[in-house]
Amino acid sequence: MSEQIEQALDRKYEAGFYSEIESDTFESGLDESIIRRISEMKKEPQWMLDWRLKAYETWLKMDEPEWAHVHYPKIDFQAISYYSAPKSMADKPQSLDEVDPELLRTYEKLGIPLHEQEMLAGVAMDVVFDSVSVVTTFREKLAEAGVIFCSISEAVHTYPELVKKHLGSVVPRADNYYAALNSAVFTDGSFVYIPKGVRCPMELSTYFRINEMNTGQFERTLIVAEEGSHVSYLEGCTAPQRDENQLHAAVVELVALDDATIKYSTVQNWYPGDEDGKGGIYNFVTKRGICHTNAKISWTQVETGSAVTWKYPSCILKGDNSVGEFYSVALTRGRQQADTGTKMIHLGKNTRSTIISKGISAGKSNNTYRGLVKMGPKADGARNFTECDSLLIGDTCGAHTFPYIESRNPSAIVEHEATTSKVSDEQLFLCQQRGLNPEKAVSMIVNGFCKEVFKELPMEFAVEAGKLLEISLEGSVG
Amino acid sequence: MSQWLNKVISDARGVDDFLAPMRQQSLNKLETDGWPHARSEEWRFTPLSSLKERVSNESSLDTSYNVPQIDGLESIDIVFVDGVLRTDISKLSLPHGLNLCAINNASTDMQDEISRLFGQVKPSRHVFGLVNDALCEQGVYISLDDNCEVDTPLRIINIAAQDCDAHTRALVNLGENSQLKVIEHGFGSQASFTTAFAEYMIGKEAKLEHYRFAFFTGAAKQVGGSHFSLQERANLNSTFVSYGSELSRVDVDIIHAGQHANAKMNAIYLLAEGELFDMHSTIEHAVPNGTTQENARGIIGDKARAVFSGRIHIHRDAQKTLAELNNRNLLLSRRAMINTKPELEIYADDVQCAHGATVAEIEEKALYYLMSRSIPRSKALVMLNFGFVQELVNAISNEPIKQWLLPMLSERFANMEVK
Amino acid sequence: MLNIKNLHARVEDKTIIQGLNLEVNPGEVHAIMGPNGAGKSTLGYVLSGREGYEVEQGEVSLNGNDLFEMEIEERASNGLFLAFQYPVEIPGVSNMEFMKESVNATREHRGEEPLSATEFLKQAKEACKQVQLPLDFLKRGVNEGFSGGEKKRNEIMQMILLKPSLCILDESDSGLDIDALKVVANGVNSQRDSARSFIVITHYQRLLDFIKPDFVHILANGKIVKSGDASLALKVENEGYAFLGKEFEEVSA
């Protein structure tokens, strides 16, 4: 029966095409001059360049981490190109009409029309192609509400004070090896600023696409929610199918000031590599948010792609009564390795966190939840609840749970539960007896397993995520 | 490298007996691994600084030790004082089928048996296990014949009395369908450092009832472990009770080597003052159809610190395994601290595994209820919190041991500072 | 409708069904009774195609098609419905999505358009009402946290929605009190017509007070040892299975 299930999990990677677009791509290699050139390409002010160079200096002194349970060949950082942009983007198109039609076609093929009238109503989108932001839609409408939504490169020019104040404030340059690298070479990403008391009128979304060969993508996202504001943001990612591994090392920083709410959702579908583990993206990402008094940050992620995933979207619950949430679905198959989870750092009084993690392992993959819940000495009355469920499909995969719990406060309560299960023969039989083919049955049971997480996604994307999982589960049943 | 470890390595070169080849292996590993890195997963939360530059003294022989008795318990006592087997104060009337010999006094036949067991169950996980491999000149080998049931418990007593280093080892071999009760009873409060490791080979359909009491307090540092290998349909029922000291660490390994074996383990730790206690448990399901249930509960008061790591490892072939681990902790004070990490590592799909860990506070409602019935707050706290570990004490089937533990633990608890 | 000829089937090494013959015509209700271990539930599993139930010999045709040539879901789409004795839980999958997929898979098989969301909802609500299940059961996970009786009613609810041509009820009465039993029976009776057939597997005669069978068969040692009309069930009720011969004396109904 498990063979049947595995076949049901067989899938095509639908976003695996390559777009023939003429690009300006740096020769591979990394040194100070490359960083100067990136900064120059973006016509950055001196302070930004200095910031990058300091990060580079730090990075040089750091050791490349070796992680237990994650195995991949050593990365040659000199074999990567750190900048690539479509030639047509060199003279900054002012509107969509000026954008290279091949670029637009790429996004159409991915199911993301960029003309506002064709887009999902109520969703504004920033589109990043390799190292540059192609377009940001609905800017005027957002501007009416005072919301800033633009590429981070643009923000460096237009809102230098905001960027200076918050960049690196949540994830310091020296935080870890890949965060330091990102700080030195980040190329583009999104910047969001929600003014005091504003409820962002639309969903904000960024779509990241890696296209060029041998390039790394190092995006940087910064979201600042002022007091009492509210924003929901979603990112999606895909890349062409290739035999070589590519590195994606992003940094995301969220700042939720008093009474603010940030909802951050990710649908990650980078190319996972083939059955034998050839090719695929190394997804080494640092995501962290800080919550001030009464603020709330909610991370939701659906992870189906990448050869290796290493990411722990985290919350620093600094302010009293602040809330952190983490909802995750990670599906691995083939030879994928996912090591993902969250860190909830409770510093303030009555802070609360909830962690729901659903891992599905199939094929020869390994799926690991790794998390930290920390109750500081001042976190009186803090609460955490964690639930980690694993679903194993077949006996050649692995499912692992490594939760670290630390408490220094006698009035804090931490609860952690983890279970493991499989798609049972009885469940499959019942579905088939009701007329469903095994493929549909497995997809339905797996979706049911993930339901608690899917219901956290913004409505516009819940369907999208369900479909993604469905594509992931689609295939031939012999 | 540490000064202390260098000394250990040079001392170990002088040990030459029938175990020399195995000792040499561990010594080589010690030299390669060196002193644990501060970030090493094994010692991440347990500071070893007090040991690193330790200067160890020579022990002197002294006869005036009181071997603690457990009221109402008739036992066979094997007593080590500062790492030296003391036949003068041991009680050694052995029933039929139970064989015992000192490692440093073994006949050629026995030497063969000992070599077959030494280091076979205990993994070479950390530095102090390797130190024990290299340096434990004193130790006992215990074997129980097939089909033999021994009702009188066997107590292996470890007393740390003087400020010296002491390394002891117990190797226990239970024949097929045999039954044995073993109590590892260690204590000390004077400045000292001891390592005490025990390896158990539980034969087919054999039953072991096991206790380990690690009552080291103050400056009495101990690192030790009890390691079990279960053959087909073997049964293990084990209870650990620990206090904390400057450094107190126990490693437990339960290895399912044969199918349909059943292991149950309960652990209690009760920490006061500035004590540290660290328990690392690993459950290895290497074959199908095994069952393991582990419950660890701790109360951490004052400035004490507890570290718990509980790992369940289900190997590819271990289908139909049932494994559960639960760790519950109560912090009594603002300066107390707990690091707990339950781990699941699973490579088989048709298994039932679960773990849970909680850190909780005293139930305010229950406290209020008791106080409204005119029970003073301090007394009410004792009643409520102690119930939490008492449950595990009550699960002990041996009546004299239960009756001996209860008042001892509740007294220790009553003296802890609450909030 | 259904024609079983000389069926032999086994579970693992043990042959359970040993030469069973049965013909069910459109509109007929057949009750199958028998002592424990006679092979009653096995029959339902073999017919629906459950893995591990192996056919050794014999032929079964359903609406003229060779049953054993079909996958589990094809048999279902061809009109075979098994109401389970112990329905399994599927956490997170709501009854509603489950039934919608199921109904539409059957419709697709028949070359019909999928039901619109509103039409489906209307039918689902109607089915719930018939078995007296509160409407919020549609939103709950399939059998998730349902009581024994609720699970049984949920099976009948699904049967009503799917409109199968052959319904096999595997001890749909076990564990039910008299009121719940009536609800289940009413649900079944509402579906009886000249085209739809039923095989009612039961241990007790009392279900047959409410669902009147056209035929009663006694299954023992893997074959039908006696057939008759409804009065046969009453005989079993009063006398146990002793009349079948000495070996059944201890087993009373």
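Please treat every number below as a calculation from the coordinates, not as lab data. Note that the structure is a prediction, hence the values are computed from the model and not measured. Virtual Cβ from ideal backbone geometry, glycine too; neighbours counted across all protein chains shown.
Of C:LEU234, B:ALA380, A:CYS388, which is farthest along the charge dipole of the protein assembly as shown in the positive direction, counting Lys and Arg as +1 and Asp and Glu as -1 at C-beta? The one lying farthest along the dipole's positive direction is B:ALA380.
Taking GluC sites (Glu not before Pro) in DSSP loop states with no more than 14 other Cβ atoms inside 10 Å as exposed sites, chain A has its longest site-free stretch at A:276-478. Close amide-amide hydrogen proximity is noted between A:GLU387 and A:ILE355, A:ILE356, A:SER357, A:GLU417, each under 5 Å apart and 5 or more residues distant or on a separate chain (H modeled in the peptide plane; Pro and chain starts excluded). Subtracting the Cα-Cα distance of A:ASN214 and A:LYS196 from their residue separation scaled by 0.36 nm leaves 2.3 nm. Charge dipole of the stretch C:2-252 (Cα centre as origin; +1 on each Lys and Arg Cβ, -1 on each Asp and Glu Cβ, all else neutral): 580 debye, rounded to the nearest 20.
Peptide A:392-403 is shielded by partner chain Cβ atoms: per residue, an average of 6 of them sit within 10 Å of its Cβ.
The order of the peptides A:293-302, B:92-101 by mean Cβ neighbours within 10 Å, most packed first, is A:293-302, B:92-101. Sorting the segments C:70-81, C:9-20, B:70-81, B:29-40 by their mean number of nearby beta carbons within 10 angstrom, highest to lowest, gives C:70-81, B:70-81, C:9-20, B:29-40.
Whole-Hz Karplus values for the stretch C:143-153 come out as 6, 5, x, 6, 6, x, x, 5, 4, 5, 5 Hz, taken residue by residue from phi with 6.51 cos²θ - 1.76 cosθ + 1.60 and θ = phi - 60°; glycine and proline positions read x.
Assign one of three labels to chain B, namely rounded, prolate or oblate, based on the Cα gyration tensor with a ≥ b ≥ c the square roots of its eigenvalues; rounded applies when a/c is under 1.5, prolate when it is not and a/b is larger than b/c, and oblate otherwise. Cα axes put chain B in the rounded bin. Sequence-distant contacts, meaning Cα pairs under 8 Å at least 6 residues apart, place the relative contact order of the stretch C:2-252 at 28 percent.
Using the alpha-carbon positions of chain A, Rg (one decimal) and Dmax (whole number) come out as 21.6, 68 Å. When the listed pairs A:LYS311/A:LYS374; A:LYS109/C:LYS100; A:LYS61/A:LYS164 are checked against a 20 Å cut-off, the alpha-carbon distance exceeds it for A:LYS109/C:LYS100; A:LYS61/A:LYS164. Once Lys and Arg get +1 and Asp and Glu get -1 on their Cβ, which of A:ILE445, B:GLY83, B:SER124 lies farthest toward the positive end of the dipole of the protein assembly as shown? The Cα lying farthest towards the positive end belongs to B:GLY83.
Here the stretch B:36-87 and the stretch A:343-379 have alpha carbon centers that stand 38 Å from each other.
I need to check one value: relative contact order of chain A, counting alpha carbon pairs closer than 8 Å and at least 6 residues apart, in percent. Relative contact order, chain A: 13 percent. P(r) for the stretch B:1-153, from all Cα pairs and a bin width of 5 Å, is 1, 7, 14, 16, 17, 15, 14, 9, 5, 1 %, short bins first. Binning all Cα-Cα separations of the protein assembly as shown at 20 Å, short to long from zero, yields these whole-percent fractions: 11, 32, 33, 21, 3, 0.
The string of couplings for the stretch B:243-257 from the Karplus curve (6.51, -1.76, 1.60, θ = phi - 60°) is 9, x, 9, 3, 8, 9, 9, 10, 10, 10, 10, 10, 10, 7, 9 Hz, one whole number per residue in order, with x for Gly and Pro. From most to least packed by mean Cβ count within 10 Å, the peptides B:9-22, C:204-217, C:93-106 give C:93-106, C:204-217, B:9-22. When both bridge partners sit in chain A, DSSP labels roughly 10% of those beta bridges antiparallel. When both bridge partners sit in the stretch C:2-252, DSSP labels roughly 60% of those beta bridges antiparallel.
The magnitude of the dipole of the protein assembly as shown, with charges of +1 and -1 set on the Cβ of Lys/Arg and Asp/Glu and taken from the Cα centre, is near 2820 debye. Straight-distance candidates among the aspartates and glutamates for linking to A:LYS54, with alpha-carbon spacing under 17 Å and chain neighbours fewer than 8 residues away dropped: A:ASP31, A:GLU32, A:GLU40, A:GLU44, A:ASP63, A:ASP175. The calculated FRET efficiency for the pair C:GLU113 and C:ALA195, based on their C-beta separation and a Förster distance of 22 Å, comes to about 0.50. If you count the DSSP beta bridges with both ends in the protein assembly as shown, what percent of them are antiparallel, to the nearest 5? Given both bridge residues lie in the protein assembly as shown, the antiparallel proportion sits at roughly 15 percent. Of all complete DSSP H helices in chain B, those with a Cα span along the helix axis of 15 Å or greater and a mean Kyte-Doolittle hydropathy of -0.5 or more are B:377-394, B:399-414.
Across peptide C:75-81, the mean count of Cβ atoms from other chains lying within 10 Å of each residue's own Cβ comes to 3. The mean number of Cβ atoms from other chains found within 10 Å of a Cβ in peptide C:90-97 is 6, as a whole number.
If I require 20 Å or longer along the helix axis, counting alpha carbons, and a Kyte-Doolittle average no lower than 0.0, what helices from chain A are left? Use full DSSP H segments. In chain A, the long hydrophobic H runs are A:438-454, A:459-473. Since only C:VAL225, A:LEU436, A:ILE262 are under comparison, the one whose Cα sits farthest along the positive direction of the charge dipole of the protein assembly as shown, derived from C-beta charges on Lys, Arg, Asp and Glu, is A:ILE262. The alpha carbon convex hull volume per residue for the stretch C:2-252 rounds to 126 Å³.
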